[in-house]
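I have placed the structure first, in the form of structure tokens, so that the comments after it can refer back to it.
Taken together, the values in this text are just the output of simple stated rules run on the coordinates, not laboratory data. Only a predicted model underlies this, so the values are computations on that prediction, with no experimental measurement involved. Cβ sites come from the backbone with ideal geometry, for glycine too, and all protein chains shown count toward neighbours.
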Amino acid sequence: MEEDIFECKQCGYCCQGETTVSLTDDDLERMVAHIGIPKEEVIEKYLRITGNVIQMKIVDGHCIFYDQGCTIHPGKPWRCSQWPLHPSILSDHSNFLAISASCPGIKAELGYEKFSEILSEFLKAKNNNR
Ligand code: SF4
Ligand code: SF4
């Protein structure tokens, strides 16, 4: 079902920029467990903390974990996992336009209505499998 509306082109756009998604406490724990080194070292090597906001470091204009794809898939933040099939697409056409403009993997040619119909089914199935 996912493949009906999205096929990742491995362009890396979603991992580029001067900031990254922010991490929750659960994200941090999962990342530490996945990388397998002490939390303090993970923070020191890979993260940047500004006030209460924890983000991943940026190196050469992309997330430190990006190397022709995400190198920490099972340990990546949940906000990364949501991309690009974000539930906010269902509630607002402008989110569909913004996300499809940022992600060439989105099959925008389906049109908003058809896309949302399939996305809605996909998200329902995903939530049921949790
Ligand atoms: S922007 Fe979209 S197509 Fe490009 S790597 Fe990210 S998810 Fe894949
Ligand atoms: S953690 Fe992975 S998916 Fe998320 S921004 Fe970094 S490289 Fe991209």
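Which one, Ile37, Asn129, Ser88, is farthest towards the positive end of the dipole of the chain when Lys and Arg carry +1 and Asp and Glu -1 on their Cβ?
Ile37
Provide Rg and Dmax in Å for region 78-130, with only Cα atoms included in the calculation.
10.7, 30
Looking at region 1-120 only, what percent of DSSP beta bridges run antiparallel? Nearest 5 please. Mind showing how you got there, number by number?
Numbers: 10 of 10 bridges.
Taking every DSSP beta bridge with both residues in region 1-120, the antiparallel ones total about 100 percent.
Write down the Å³ per residue value for the convex hull defined by the alpha carbon atoms of the chain.
On the way: hull volume 16.0 nm³, N = 130.
Taking the convex hull of the Cα positions in the chain, it is 123 Å³ per residue.
With charges only on Cβ, +1 for K and R and -1 for D and E, what is the dipole size of region 13-75 about its Cα centre, in debye, rounded to 20? Intermediate values should be presented prior to the final figure.
Values: 5 positive and 10 negative charges, 13 e Å.
Dipole of region 13-75, to the nearest 20 debye: 60 debye.
Non-local amide H neighbours of Phe6 (under 5 Å, H modeled in plane, Pro and chain starts lacking H): which ones?
Sorted by chain and number, the residues that satisfy this are Lys107.
At a Cα cut-off below 16 Å, give the aspartates and glutamates reachable from Lys126, other chains included and same-chain residues fewer than 8 away excluded.
Qualifying aspartates and glutamates at Cα under 16 Å: Glu2, Glu3, Asp4, Glu117.
How high is the relative contact order of region 49-130, in percent, counting Cα pairs under 8 Å that sit 6 or more residues apart? Show your work: numbers first, answer last.
Numbers: 30 pairs, mean separation 14.3, N = 82.
Relative contact order here is 17 percent.
Under a plain spin-label model, where a point goes 7 Å from the Cα along Cα-to-Cβ, how far apart in nm are Ile43 and Glu18?
2.6 nm
Which cross-chain or sequence-distant (5 or more) residues have an amide H under 5 Å from the amide H of Arg48, H modelled 1.01 Å from N in plane?
Distant-sequence amide H within range of Arg48: Gln55, Met56, Lys57.
With just the Cα atoms defining each centre, how far is region 106-129 from region 24-84? Give it in Å.
The two parts, judged by their Cα centres, are 27 Å apart.
Based only on Cα atoms, what Rg/Rh ratio does region 13-75 have, Rh being taken as Kirkwood's radius?
Reported Rg/Rh, Kirkwood definition of Rh: 0.93.
What are the ³J(HN,Hα) couplings of region 85-96, residue after residue, when phi is run through the Karplus curve with 6.51, -1.76, 1.60 and θ = phi - 60°? Round to Hz, x for glycine and proline.
Those phi angles translate into 8, 7, x, 5, 4, 5, 8, 8, 4, 5, 5, 4 Hz.
Output ³J(HN,Hα) for region 19-29: one whole-Hz value per residue in order, computed from phi by the Karplus curve 6.51 cos²θ - 1.76 cosθ + 1.60 with θ = phi - 60°, and x for Gly and Pro.
Result, rounded to whole Hz: 9, 10, 4, 9, 9, 8, 4, 5, 4, 4, 4.
Using +1 on the beta carbon of Lys and Arg, -1 on that of Asp and Glu, and nothing else charged, what's the dipole of the chain about the Cα centre, debye to 20? Numbers along the way, then the final one.
Working: 13 positive and 19 negative charges, 29 e Å.
So the dipole magnitude of the chain works out to roughly 140 debye.
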